[in-house]
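My questions will all concern the structure given below.
The values are calculated or read from the model by the stated rules, or taken from the named source; none is laboratory data. Note that this is a predicted model, so its numbers are computed, not measured. Don't worry about glycine lacking a Cβ; one is built from the backbone with ideal geometry, like all the others, and counts go over all protein chains shown. To get the accessible areas, we keep the full protein, side chains included, count just its heavy atoms, and leave off ligands, DNA and RNA. Shrake-Rupley method; radii C 1.70, N 1.55, O 1.52, S 1.80 Å.
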Amino acid sequence: QVCGKPLPCGNHTCEQVCHAGPCGDCPRSGKRSCPCEKSKFTLPCTEDVPTCGDSCDKVLECGIHKCSQRCHRGPCEICRQEVEKQCRCGKHTKRMPCHKPYLCETKCTKIRDCQKHQCRRKCCSGNCPPCDQVCGRTLGCRNHKCPSGCHRGSCNPCPETVDVKCNCGKTVIKVPCGRERTIKPPKCKQLCSRPPTCHHSTQEKHFCHFGRCPPCRQPCQKTLTCGHLCPVSCHDEALVKQTALHQSAGPWEQPSEPAFIQTALPCPPCEVPIPVECLGQHEVSQLPCHSANPYSCKRFCGRLLDCQNHTCMKECHHVTKLNSSTDGKKVGPECSQCEEECTKSRPSGCPHRCVLPCHPGDCPSCLQMLKIKCHCKLSVLYIECLKLTCADLKEKELLISCKNQCPKELPCGHRCKEICHSGSCPLNCSQKVKLRCLCKRLKKEIQCSKIQEGQVSLECDALCKEMKRKASEIKEAEDKAAIEEEKRRQQAELEAFENRLKGRRKNKRRKDEVEVEQSSWQKYKNLIMLPVFGVAVVIVAW
């Protein structure tokens, strides 16, 4: 609603829609423009703004020309200027007042949106209106015609309805006209009252329907030859595909669709599970009644053979029970005979196999000879296998020893003194070796193991030290004499070089003092011989 509150001027009320807060100043207060908005006046809010007397110059409704009247109140008049106008279809022009529309008499020949009829409207701008004629085409129901206006594409479905009934006629539905030929009949809630066609006295309850009744799903319950009742569904009226008796004349003849005939099928084999034991008495399985016969479970027989070590590896088979045997798992004459070698474990260290075939009980003692090397790997020994496997550690050590001296070398380089033994040699070498002092004058025989341990050393005595001092003095004197001899030799070479140099200077002075005039051949022989020699060298090289 309009606010209506009095404004601060006291002469007018607020014309805004109901709002919150103050209404503000009066819109007629302050500076106001004249109707043409060229001049402004400051007047009380109770007085209207006068006209300014200038031309209006507002744009008229045509949007092209301006108003030529004086400043005035209210709307401007219509445009009366004459202009060259073009008709709506754009084919003709005419001079006439600007405010009048110009429509020619030319009829439009364009096809309307129905793509069947022409527009035929005078001075059409090209945007033709929809077709106003009746369609009249036969609808999809093939019973009525389209009452709608002329249009493109297919017509709308028929608005009429038709009743569709079930087989008994108690259920009715209304469907659009034309759909009664394709729509399914309505589902009727009434039970079918037709009599059964199989051997049962009553049929299963089902609702009203068209065509044949559905197949009977009740159990057959006929007595089979084994005495059980047939548990499958009723098969008095089963559909069976009929084999084509007619052969086609050639590939050009189209094969006919298979035909199905309704006939009674015999009862299937009895599937009642019967417990049956396999031939080898390993398991009891539930087999169908029609195939409940003794069978092989495909396992190994598994009965323990006479050797008491292996089992029968034949596939599950029948075993004849002997009168004296009470154990049902005992081997029979149909089982296989053990032909394996004895695979029982031998005593520790015996590499031979048992000489007997697979047998019960313990194996006999091994009497074969073992060929082995002694501890030092030099001799080959032949020992009875039984003695070696039954001996303890000390006896084995004596049996494998060749009783000769050990050939191994000790870290000191001497040969081991022990008899042939296992493991590493003892480190206490008892060999006697000579120990000398640093100057190699004194010597002493000591056990090798003590020298290796660093327990014994031989020091030089006073005589050794005196001899060492004299030897060093003699060597120093020899070194000094050699140095003096080298100095003398170098001095003699220097003097000889200086003498040769003085003799050359004297010969040069003599040649400078005596100048002999040379011949022309001696002067130019180098200039002549050099080119000749160069040419000869090139020729030889070539």
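Run down SER193, SER154, SER201 and say which single residue is within 30 Å of CYS270 (Cα to Cα) and of a type in the set (Ser, Thr, Tyr).
Within the list SER193, SER154, SER201, the selection yields SER201.
Next question, about the same structure. Hey, does region 197-214 have a residue that's under 29 Å from HIS290 (Cα atoms) and of a type in the set (Asp, Glu)?
The answer is no, given that none of the residues of region 197-214 is under 29 Å from HIS290 (Cα atoms) and of a type in the set (Asp, Glu).
Scanning region 195-213 for residues that are open to solvent by 90 Å² or more (accessible area, probe 1.4 Å) and in a loop (DSSP other than H, G, I, E, B), which turns out farthest from THR138 (Cα to Cα)?
That would be SER201.
Here's another thing I want to ask about it. Anything in region 342-353 that is more than 11 Å from ASN309 (Cα to Cα) and surrounded by 11 or more Cβ atoms within 10 Å (Cβ to Cβ)? List them, or say none.
If the condition is that a residue be more than 11 Å from ASN309 (Cα to Cα) and surrounded by 11 or more Cβ atoms within 10 Å (Cβ to Cβ), then ARG346, PRO347, GLY349, CYS350, HIS352, ARG353 are the ones that fit.
Could you count how many residues in region 157-181 are part of a loop (DSSP other than H, G, I, E, B) and closer than 14 Å to ASN143 by Cβ?
Final tally of qualifying residues: 6.
Next question, about the same structure. Could you tell me which of the residues CYS34, CYS56 is at pLDDT 85 or above, surrounded by 15 or more Cβ atoms within 10 Å (Cβ to Cβ) and within 30 Å of GLY10 (Cα to Cα)?
CYS34
Looking at LEU438, LEU381, can you tell me which residue is within 22 Å of PRO351 (Cα to Cα) and not basic (Lys, Arg)?
Checking each option against the conditions leaves just LEU381.
Hey, which of the strands (runs of 3 or more DSSP E) in region 25-100, taking only ones fully inside, have at least 1 residues that are under 29 Å from LYS5 (Cβ atoms)?
Details: elements: 31-33, 40-42, 82-86, 93-97.
Answer list for region 25-100: 31-33, 40-42.
Just checking, how many residues over region 159-182 are β-branched (Val, Ile, Thr), open to solvent by 40 Å² or more (accessible area, probe 1.4 Å) and modelled with pLDDT of 85 or more? Steps first, answer last, please.
Within region 159-182, the first condition is being β-branched (Val, Ile, Thr), and the residues that meet it are 161-162, 164, 171-173, 175, 182.
Remaining after also requiring open to solvent by 40 Å² or more (accessible area, probe 1.4 Å): 161-162, 172-173, 182.
Next, only the ones that are modelled with pLDDT of 85 or more stay: 161-162, 172-173.
Residues in region 159-182 being β-branched (Val, Ile, Thr), open to solvent by 40 Å² or more (accessible area, probe 1.4 Å) and modelled with pLDDT of 85 or more: 4 in total.
Taking the options LEU239, LEU265, name whichever one is assigned to a loop (DSSP other than H, G, I, E, B) and either at pLDDT 85 or above or open to solvent by 80 Å² or more (accessible area, probe 1.4 Å) (or both). First the steps, then the outcome.
Working: LEU239 fails: assigned to a loop (DSSP other than H, G, I, E, B).
Among LEU239, LEU265, only LEU265 is assigned to a loop (DSSP other than H, G, I, E, B) and either at pLDDT 85 or above or open to solvent by 80 Å² or more (accessible area, probe 1.4 Å) (or both).
Regarding GLU160, is this residue closer than 30 Å to ILE78 by Cβ, in contact (Cβ under 8 Å) with a residue 12 or more places away in the chain and acidic (Asp, Glu)?
no
List every residue pair whose Cβ atoms sit under 9 Å apart, with the two residues 6 or more apart in sequence or on different chains, where the first one lies in region 278-305 and is at negative phi and in contact (Cβ under 8 Å) with a residue 24 or more places away in the chain and the second, anywhere, is among the β-branched types (Val, Ile, Thr) and open to solvent by less than 30 Å² (accessible area, probe 1.4 Å).
LEU279/VAL319; GLY280/VAL319; PRO294/VAL276; CYS301/VAL319; ARG303/VAL319
Please name all residue pairs, on different chains or six or more residues apart, with Cβ atoms under 6 Å, provided the first residue is in region 413-440 and is touching a residue at least 24 places away in the same chain (Cβ under 8 Å) and more than 21 Å from CYS460 (Cα to Cα) and the second residue is among the polar types (S, T, N, Q) and surrounded by 11 or more Cβ atoms within 10 Å (Cβ to Cβ).
Cβ pairs passing all conditions: HIS414/GLN431; CYS420/SER401; CYS420/ASN404.
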